[in-house]
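J.: My questions all concern the structure below.
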Amino acid sequence: MCRALNVPAPNRRFDSPTGARHMCKLGRPRAVWHLWSVVMVAWFSMQAWMTTAAWADEERPPNVIFILADDLGYGDLGCYGQQIIQTPRLDDLASQGMRFTQFYAGCTVCAPSRCVLMTGQHTGHAHVRGNAGSVNRVIQSLRDEDITVAEVLQERGYRTGLIGKWGLGEVEDPGFPRKQGFDYFYGYLSQLHAHNYYPEFLYRNDQRVPLRNKVRRPEGKPADFLGGSATVRVDYSHDLIAEEALKFVRENAADPFFLYLAFTIPHANNEATRMVGDGAEVPTYGMYATRQWPNPDKGQAAMISRMDADVGRLVDLLRQLEIDDHTLILFSSDNGPHDEANHDLERFNPNGPWSGIKRSLTEGGIRVPMIAYWPGKIAAGQTSEHVAYFADVLPTLQQLSGSEKEVATDGISFLPTLLGEGQQREHEYLYWEFYEQGSRQSVRFDNWAAIRQPMRTGSVALFDLSADQAQQRDVSEQHPEVAARAVSYMEEAHVPHPNWKPRGKPRPARK
Ligand SMILES: [Ca+2]
Ligand SMILES: [Ca+2]
């Protein structure tokens with residue numbers, strides 16, 4: 001009996017305090033107990049065998065870690081041309097894996113971009129199409145019927161964890177992570193709460209875990225306002241999130257697992273920017289401490305390098321556990337760089353060669369880094385010009401997992417590009433819409449980018465990205481047929497949603 005139990009490694013889900021090892025220690029059990037033991041041992045053996053058989057050898061799907069930075073620009077990493085901020089570990093991942101040069105976020109601000117990432121539907125179809133703020137919070141929640149990538153992988157037998165910032169539904173909402181396919185959650189539910197790197201609590205599943213920080217609210221805000229600037233700073237949320245990620249990987253190393261690691265770095269604490277003039281919150285300035293820069297500049301750079309080091313720790317752990325060759329890591333950002341910490345954009349050039357930042361639909365607002373790393377599967381040192389975006393992540397991971405679930409998606413799997421196997425399908429066009437600042441919508445196809453503002457009623461500006469990276473020259477008059485094609489794509493992609501209407505005063509996006 002004991003030998004039989006030792007053959008297959010028992011799965012975590014079938015571990016039990018009444019398991020085999022205890023039974024082997026029984027001296028002269030009574031007959032009934034003995035019979036019970038035989039039955040139980042047989043049951044555990046069968047379950048363990050079935051589990052092992054289900055994930056036999058090469059059929060066991062690989063682990064996935066999707067690391068999402070918050071407001072990290074295309075040009076913020078060394079491997080994408082950053083000259084000042086040091087990101088050696090991410091640069092290593094890129095050089096040992098694949099770096100995409102034409103990869104786009106789901107939108108130009110947090111919540112809609114993350115909704116696209118989770119559901120595989122672009123913003124013309126998605127349920128969450130903007131940051132709702134605190135006034136009408138529920139429209140920023142996913143619905144039960146929205147199928148998330150976590151649900152797809154959970155159904156396939158993955159252990160699923162979300163660690164970091166969510167923003168698509170709070171405890172009582174249908175979008176709460178544990179109702180959307182995540183077995184485990186640790187971090188921030190509210191995006192406003194996530195502004196503050198020294199909050200008074202974080203969530204573990206549906207429970208608030210108190211922290212040792214004390215937070216001062218902005219003037220005039222109600223007692224339940226979740227943002228602010230800490231006056232006592234002990235627990236730095238990013239460090240807690242990074243530790244939780246390591247713990248999740250250690251605890252689930254034997255399972256197929258999906259970890260969505262949504263760092264808040266390098267987002268600004270907008271309330272701290274307004275209250276104390278510095279929204280780049282970080283415990284130490286590290287290698288930038290002696291630079292002759294204002295503190296927000298040191299903080300902005302130090303945040304990014306701190307995150308880089310934590311990505312490195314995660315990779316080191318995978319290697320130590322010897323699961324690195326069975327784990328796909330994807331690293332990206334949810335939108336272009338912000339200008340909200342009082343730091344100097346000119347110093348860092350965070351959007352690289354592109355124009356625009358967060359809230360723009362020019363390239364700088366939506367084109368983001370994407371690094372894919374999987375030793376032995378993704379050949380080292382590759383640069384891919386495949387045009388892809390967040391809507392493609394769900395179908396990619398679904399294909400990787402072997403799931404055959406039917407999911408309505410606007411995405412196309414980029415697994416063939418990652419593995420260098422099979423035929424890579426291409427998008428006819430990519431689509432975005434954005435409701436703030438009077439609204440705008442955009443499409444990317446071939447080498448063209450077109451932007452219409454306000455959405456639906458404005459005139460279209462057309463840019464040739466092959467000749468004009470910075471999108472300074474509107475060539476819609478020279479290419480009316482191309483501009484008309486852009487409009488037809490916008491009309492096709494946009495399906496009106498009762499929750500989302502243009503708001504704010506029209507204004508040009510930042511260059
Ligand atoms: Ca963001
Ligand atoms: Ca769902």
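J.: Tell me, what ³J(HN,Hα) does each residue in region 326-332 have, in order and in whole Hz, if you take phi through Karplus 6.51 cos²θ - 1.76 cosθ + 1.60 with θ = phi - 60° and put x for Gly and Pro?
T.: 3J(HN,Hα) across region 326-332, in whole Hz: 10, 9, 8, 9, 10, 10, 8.
J.: If you don't mind, another one. Hey, what did the chain get for relative contact order, percent, Cα under 8 Å, at least 6 apart?
T.: For the chain, the relative contact order is 21 percent.
J.: Would you compute, from DSSP H runs of 4+ residues alone, the mean residue ellipticity of the chain at 222 nm, taking -39500 (n - 2.57) per run and dividing by the full residue count, rounded to the nearest 500?
T.: -8500 deg cm²/dmol
J.: I would also like to ask the following. Give me 500, 374, 432 sorted ascending by neighbouring Cβ count inside 10 Å, so fewest comes first.
T.: Exposure proxy ranking, most exposed first: 500, 374, 432.
J.: Could you please rank 505, 179, placing first whichever residue has the fewest other Cβ atoms within 10 Å of its Cβ?
T.: 505, 179
J.: Report, to the nearest 10°, how far helix 295-320 tilts away from the longest principal axis of the Cα atoms in the chain, using its own Cα long axis and a range of 0 to 90°.
T.: 30
J.: Normalising by the residue count of region 138-274, find the relative contact order in percent from Cα pairs under 8 Å and 6+ residues apart.
T.: 27
J.: I need the per residue convex hull volume for region 387-511, using only the alpha carbons, in cubic angstrom as a whole number.
T.: Spelled out: Cα convex hull of region 387-511, divided by residues, is 140 Å³.
J.: For residue 501, list the lysines whose Cα falls under 30 Å from its own Cα; do not include residues on the same chain fewer than 8 positions away.
T.: Reachable lysines: 165, 179, 221, 358, 511.
J.: Can you compute the radius of gyration and Dmax for region 195-234, using only the Cα atoms, both in Å?
T.: 10.4, 31
J.: If the viscosity is 1.306 mPa s and the temperature 10 °C, what translational diffusion coefficient in µm²/s does Stokes-Einstein give for region 200-350 when Rh comes from Kirkwood over Cα pairs?
T.: 92
J.: Among 444, 359, 507, 178, which comes first, then next, by fewest other beta-carbon atoms within 10 Å?
T.: 507, 178, 359, 444
J.: Cβ neighbours within 10 Å, averaged per peptide: list 107-114, 457-464, 118-125 in order, most packed at the top.
T.: By packing density, highest mean first, the sequence is 107-114, 118-125, 457-464.
J.: Quick one: which residues, 5+ away or cross-chain, put their amide H under 5 Å from the amide H of residue 384? H built at 1.01 Å from N.
T.: 99, 100, 101
J.: Under a straight-distance cross-link criterion of Cα-Cα below 16 Å, which lysines are reachable from residue 298, leaving out those fewer than 8 residues away in the same chain?
T.: none
J.: Hey, can you rank 216-227, 154-165 by average C-beta count inside 10 Å, highest first?
T.: The peptides rank, most packed first, as 154-165, 216-227.
J.: With Kirkwood's inverse mean 1/r over C-alpha pairs for Rh, give me the Rg to Rh ratio of region 149-270, two decimals please.
T.: 1.00
J.: Using θ = phi - 60° and the Karplus form 6.51 cos²θ - 1.76 cosθ + 1.60, what ³J(HN,Hα) does each residue of region 441-448 get, whole Hz, x for Gly and Pro?
T.: For region 441-448, the Karplus-derived couplings read 9, 8, 9, 10, 8, 6, 9, 9 Hz, x marking Gly and Pro.
J.: Ratio to report: Rg/Rh of region 430-493, with Cα atoms as the point set and Rh obtained by the Kirkwood method; give two decimals.
T.: 0.94
J.: Let me ask something else. Largest first, please: the extent of the C-alpha atoms of the chain along each principal axis, to the nearest Å.
T.: 90, 55, 44
Read-outs: derived from the displayed coordinates by stated rules, not from any lab. Computed from a predicted model, the values in this text were never measured in an experiment. Here Cβ is always computed from backbone atoms with ideal geometry, including for glycine, and neighbour counts include all displayed protein chains.
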